[in-house]
Amino acid sequence: MRPTPAPGHWSLVLGHWSFPPLLLLVFLSIVVRVSATPGEVRFGREHYIEYRVGELPIILTASHGGDLTPEEIPDRTWGSRVTDRHTREIAIAAFEEIVALTGRRPHLIVSHLHRRKLDPNRPIEEAAQGDPHAEQAWREFHGYIAEARARVVSEHGRGLLLDIHGHGHAIPRVELGYALGAEELNLTDEELDRTEYVTLSTLRPLAQSHPHLPLSLLVRGPNSFGDLLNRAGIPAWPSPQFPHIGDAQFFRGGYIVRFHSRLENDHPVAAIQAELPFPGMRDTEENRARFVSSFSSSVLRYLKNPVTFAFTLPELAEPLPFSAAEGDLAGCGDGCLPILSVAAAPAP
Ligand SMILES: [Zn+2]
């Protein structure tokens with residue numbers, strides 16, 4: 001039985017309705033938010049957080065590459081405060097490269113704050129450690145991603161979030177975080193394909209809409225993102241080339257990719273955390289440019305896969321072959337997704 005509302009409750013509601021200008025303002029702000037146009041660049045308070053509004057079904061994020069250390073926000077006192085060098089520049093360069101390749105923009109959300117001040121890849125308690133300005137920046141960062149998700153899913157039906165980080169582990173490969181660590185990735189394909197791991201994985205929106213595709217195929221099969229990176233010359237795992245982690249150090253993916261791929265959210269998207277080694281990829285300007293070129297075309301190739309995302313995007317040039325991949329790819333048999341045929345890009 002519903003409780004009878006106290007008179008005070010009704011007067012509050014009626015009181016609310018007695019302020020139409022306020023309601024009008026709320027309504028207008030909703031209209032303005034939804035009608036944000038691609039190409040628009042938005043900033044949160046003090047320009048700590050930046051959102052470049054896009055129109056492609058791709059959301060790029062960089063949370064640990066900022067360098068602002070405003071005095072108004074005290075340093076965080078617990079949790080990691082190590083910055084991921086050059087990941088902000090790499091995310092911005094990947095945004096620009098994808099625009100150059102497609103003529104259309106991905107969504108880009110960047111934290112310009114140093115990780116000493118804010119860690120958007122953690123729940124708000126650890127991220128902001130009680131500081132109200134840091135908490136506001138955290139809400140803006142995740143609010144912009146939620147807005148990008150809503151836009152991507154309503155315009156395209158599905159999408160992909162790529163969260164870009166840097167690691168200092170001994171093996172210089174890109175670590176792809178699907179919320180699956182060594183414990184899960186050392187399992188056999190048959191074990192990994194169990195429902196509990198599908199539910200755990202940040203590819204769950206993709207897996208849900210393609211229940212016939214086993215999780216092992218999505219994370220380390222032919223045409224998985226790791227496979228495409230390897231074939232474009234960027235060593236990456238999990239992948240057909242490097243399917244198991246063994247006892248190596250490996251980042252499984254943090255708060256951003258886990259939260260924004262939750263099926264309980266409105267407009268969830270598939271998400272991958274990409275952890276880049278420093279040597280060969282982030283260390284010099286030349287290596288960063290080479291990385292961004294191969295990475296960006298791999299992202300587009302991944303989304304063009306007709307079996308999974310099946311997005312219509314421009315033709316791309318053939319990637320550089322990665323010699324270690326060839327033997328493994330030759331033996332994939334009936335379990336293979338079709339290798340995409342990609343034509344050379346037309347001369348400009
Ligand atoms: Zn990081």
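The values are calculated or read from the model by the stated rules, or taken from the named source; none is laboratory data. Bear in mind the structure is a predicted one, so any value in this text is a computation, not a measurement. Quick reminder, even Gly has a Cβ in these numbers, built from the backbone with ideal geometry, and neighbours come from all protein chains shown.
Below are the figures for this structure:
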| item | result |
| --- | --- |
| Of all residues making up region 121-157, the number that are in contact with a helix residue (DSSP H, G or I) (Cβ under 8 Å, 6 or more places away or on another chain) and among the β-branched types (Val, Ile, Thr) | 2 |
| Test: residue in region 47-61 that is more than 20 Å from the chain's Cα centre (by Cα) and modelled with pLDDT of 95 or more | yes |
| Evaluation of GLY65 against (1) away from the ligand (no atom under 14 Å from the Cβ); (2) not in a strand (DSSP E or B) (one fails), failing number | (1) |
| 2 or more residues surrounded by 21 or more Cβ atoms within 10 Å (Cβ to Cβ) and among the polar types (S, T, N, Q): qualifying helices (runs of 4 or more DSSP H) within region 213-318 | 285-304 |
| Test: residue in region 167-188 that is away from the ligand (no atom under 16 Å from the Cβ), touching a helix residue (DSSP H, G or I) at 6+ places or on another chain (Cβ under 9 Å) and part of a helix (DSSP H, G or I) | yes |
| Among (1) surrounded by fewer than 15 Cβ atoms within 10 Å (Cβ to Cβ); (2) at pLDDT 95 or above; (3) in contact with a Lys or Arg (Cβ under 7 Å, 6 or more places away or on another chain) - the single one SER209 does not satisfy | (2) |
| Any pair with Cβ under 9 angstrom, 6 or more apart, that starts in region 239-259 at a residue that is more than 13 Å from the ligand (Cβ to nearest atom) and ends at one that is aromatic (Phe, Trp, Tyr) | SER239/PHE225; GLN241/PHE322; PRO243/TRP237; HIS244/TRP237; ILE245/TRP237; ALA248/TRP237; PHE250/TRP237 |
| Failed condition for LEU56, given (1) more than 16 Å from the ligand (Cβ to nearest atom); (2) assigned to a loop (DSSP other than H, G, I, E, B); (3) more than 22 Å from SER261 (Cβ to Cβ) | (3) |
| Residues of region 141-166 that turn out to be more than 16 Å from the chain's Cα centre (by Cα) and not in a loop (DSSP other than H, G, I, E, B), as a count | 3 |
| So PRO38, is it surrounded by 11 or more Cβ atoms within 10 Å (Cβ to Cβ), outside any strand (DSSP E or B) and modelled with pLDDT of 90 or more | no |
| Test for ARG158: is it under 27 Å from HIS64 (Cα atoms), within 16 Å of the ligand (Cβ to nearest atom), touching a residue at least 24 places away in the same chain (Cβ under 8 Å) and among the basic types (Lys, Arg) | no |
| Out of ILE92, ILE73, sole residue that is under 17 Å from GLU275 (Cα atoms) and out of contact with any Ser or Thr (no Cβ under 8 Å at 6 or more places or on another chain) | ILE92 |
| Unique match (being touching a Pro at 6+ places or on another chain (Cβ under 6 Å) and of a type in the set (A, V, I, L, M)) among LEU180, LEU185 | LEU185 |
| Hey, ILE109 of a type outside the set (Gly, Ala, Ser) and surrounded by 23 or more Cβ atoms within 10 Å (Cβ to Cβ) or not | yes |
| Subset of region 98-114 [modelled with pLDDT of 95 or more and not β-branched (Val, Ile, Thr)] | ARG105, PRO106, HIS107, LEU108, SER111, HIS112, LEU113, HIS114 |
| Total residues in region 119-148, condition in contact with a Gly (Cβ under 7 Å, 6 or more places away or on another chain) and either within 16 Å of the ligand (Cβ to nearest atom) or among the charged types (D, E, K, R) (or both) | 5 |
| Among the candidates VAL110, VAL82, VAL41, residue that is out of contact with any helix residue (DSSP H, G or I) (no Cβ under 8 Å at 6 or more places or on another chain) and within 16 Å of the ligand (Cβ to nearest atom) | VAL82 |
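The rows are residues; the columns are (1) outside any loop (DSSP other than H, G, I, E, B); (2) in contact (Cβ under 8 Å) with a residue 40 or more places away in the chain; (3) not acidic (Asp, Glu).
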{"site": "PRO70", "(1), (2), (3)": "no, yes, yes"}
{"site": "ASP84", "(1), (2), (3)": "no, yes, no"}
{"site": "ALA93", "(1), (2), (3)": "yes, yes, yes"}
{"site": "GLU96", "(1), (2), (3)": "yes, no, no"}
